[in-house]
2 protein chains.
Amino acid sequence: MKALILLRAGELSLKDVPLPERKPDEARIRVHLAGICRTDLELYGGYMDFSGILGHEFVGVVEEADEPRWVGKRVVGEINLPCGSCATCLAGLGRHCPNRRVLGMLEKDGVFAEYLTLPLANLHEVPSGVSDRQAVFTEPLAAAWEICEQLHILPTDRVAVFGDGKLGLLVAMVMRSLGVELTVVGCHEHKLDIVRQLGIETVFADRLDRDRRFDVVVEATGRKEGLEGSLAHLRPQGTLVLKSTLAEDYALPVTPLVVNEINITGSRCGPFEPALRSLAEGVIDPEPLISAVFPLSEGIEAFRKASENGVLKVLLELPGD
Amino acid sequence: MKALILLRAGELSLKDVPLPERKPDEARIRVHLAGICRTDLELYGGYMDFSGILGHEFVGVVEEADEPRWVGKRVVGEINLPCGSCATCLAGLGRHCPNRRVLGMLEKDGVFAEYLTLPLANLHEVPSGVSDRQAVFTEPLAAAWEICEQLHILPTDRVAVFGDGKLGLLVAMVMRSLGVELTVVGCHEHKLDIVRQLGIETVFADRLDRDRRFDVVVEATGRKEGLEGSLAHLRPQGTLVLKSTLAEDYALPVTPLVVNEINITGSRCGPFEPALRSLAEGVIDPEPLISAVFPLSEGIEAFRKASENGVLKVLLELPGD
């Protein structure tokens, strides 16, 4: 099969490789659509020292599995493969298993290929009303819903999302559904437009009133300036959600956190069920985030496109049958 | 009256000064006992650029007030003097008022003197069963109770307190009352002894099992190594309470906070009511933390003593009548 392989940092290659071997607890899935995520670009840059087939956002169809009820099902899949037997797993924190493998990131080939394998325990069937172009957003949308799994955000809260990238906009869509007083702070007219059309207030970062304070700020810029701005616009005893890892090292100053009694919550992967429900029920429609769709055969060009400034989601499409 | 005055960083002086002028909403209070806090030592070192009468922990008796019901009452007092009219105050966050003055720290003379003045709104009457030597701990004990005001700590949580200083031990006494599985991590045999005698598990920082993980860690060392250790011993999705400002600058690394979905809560001043109740009901007895008591006339020597390694609370006693 064709697959987009990261040989080493900075070296991507489209290759013919054998079909992945399926273990008894796994499904073999034919990929329909796959999404390029910022993490993929970082892996390309050397993050986590990964080599292998890239990609972790996908929607596809199960072609082979020991449990017959899965065969033929359209699925999305969780990306963490926990060991299932360590103390962390037994405490119900499998997504944080210290021995976990991670799809397309850590000791497990990813989804930028015609086929992938994944444990049945990781699969979620996609409801029929959800299109492939929506379902491929399930993983990042689950990461957005994770905020609500971690925090009780009040419908009366003033919430700001810093960042108008893919994740920031998905977080904004989730926050919009909570009834909160929501502001998205960004830098790109055409990106802010997407949420402005949903009735959400948007503001350019350099035009945000200095004195404006929020109860909750979600930092989704992944940049030092975004993190500094997020902290500057939190009220005392407010909550900062760290939704992005930072490319640069950053010294989070400790004393103001204590003096202003700030709460911080780091937030990563999330639950697939609410993500799929919000897609199925039409609460959230991520399709406007799609900037371009490439065939897998043009995967390297797709990667180049995804790394351009101003581009949102780039998808890889696999040939249908 | 006699008062211990910080002239500038590093320069303390015992002086005769006029009685403080009392405003209509204030009480004039004759000090019985005052406590030297780590913050006082930091102010002495130049923190906040304060000059004036030092000190914010006290117990005393109201000698003069416009409301007669306060006169003769034994009181302790909250240290933040909010403006009462800004948006932060109106939101009920007076302790975080951006225009606040702070007793013995910021534009308000403190308590290392024969008399102080404080708004009646800041006063709390001390229940009769609570001794002066207990009541003088109300302010730092309130700061320990603040953790429970901010977080829902479960009785089944594994909680570690890092730091066996005054604040760490008070936090340990509060945590002990919550039914949690509690460990105090410290460096001083005789300090750890105080909480060990209360049945609390203690361990030397360098002997803490590397693999040990806690649901909640309270960092009360105020040192970089303590903060690093606190983070290293948190479980994924665990909560770190920052109870101390750090003397040094420290780069709190952002990426592990996101990857391990860590929660951080900065914690400062707290509610006096539960502190007084826990003293009155005998839930907490801070007296074993007293290392030495000096008359105010030996205030400079008391300060020297308080800054010695291994010393816990040093009190200043005012002459009775």
GluC sites (Glu not before Pro) lying in DSSP loop within segment B:53-113, provided at most 13 other Cβ fall within 10 Å
B:Glu107
Once amide H atoms are placed 1.01 Å from N in the peptide plane, what residues at a sequence separation of 5 or more from B:Asn99, or on another chain, have their amide H within under 5 Å of its amide H?
B:Cys83
Let a ≥ b ≥ c be the square roots of the eigenvalues of the Cα gyration tensor of segment B:141-266; is it rounded (a/c under 1.5), or, if not, prolate (a/b larger than b/c) or oblate?
rounded
At 7 angstrom along the Cα-to-beta-carbon line, where would the label on A:Glu67 sit relative to the other copies? Give the distances in nm, shortest first.
6.5
Pseudo-label separations to other copies for B:Leu208 - Cα-to-Cβ vector, 7 Å, nm
3.4
Shortest first and in nm with one decimal, please list how far the A:Ala9 label point sits from its counterparts in the other copies (point 7 Å along Cα→Cβ).
4.0
Give me A:Val17, A:Val171 ranked fewest to most by other Cβ atoms within 10 Å of their Cβ, as a rough exposure proxy.
A:Val17, A:Val171
Enter the Cα centre distance for the pair segment B:272-321 and segment B:164-237, rounded to the nearest angstrom.
22
Per the C-alpha gyration tensor (a ≥ b ≥ c, the square roots of its eigenvalues), segment B:260-307 is rounded if a/c is under 1.5, else prolate if a/b beats b/c, else oblate; here it's oblate
Straight-line reach check, A:Lys191, cutoff 22 Å on alpha carbons, 8 or more apart in-chain or any other chain, hits among lysines -> A:Lys166, A:Lys224, A:Lys243, A:Lys305, A:Lys313
MRE, 222 nm, helices only [DSSP H, n ≥ 4, -39500 (n - 2.57), over chain A, to nearest 500]:
-6500 deg cm²/dmol
What whole-number distance in Å separates the alpha-carbon centres of segment B:112-163 and segment B:42-86?
14
³J(HN,Hα), Karplus 6.51/-1.76/1.60, whole Hz, each residue of segment B:140-154, x for Gly, Pro
x, 5, 4, 5, 5, 5, 3, 4, 6, 6, 8, 10, 8, 8, 7
Which trypsin sites (Lys or Arg not before Pro) in segment A:233-302 sit in a loop by DSSP (not H, G, I, E or B) and have at most 13 other Cβ atoms within 10 Å of their own Cβ?
none
Provide the convex hull volume over Cα atoms per residue for the protein assembly as shown, in Å³.
163
Can you return the lysines within cross-link range of B:Lys23? Criterion is Cα-Cα under 26 Å, with same-chain partners fewer than 8 residues away left out.
B:Lys2, B:Lys15, B:Lys73, B:Lys108
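Throughout, read-outs are computed from the coordinates displayed, never taken from laboratory work. This structure is a prediction, so every number in the text was calculated from the model and none was measured. Positions of Cβ are generated from backbone atoms using ideal geometry, with glycine treated the same way; all protein chains shown enter the neighbour counts.
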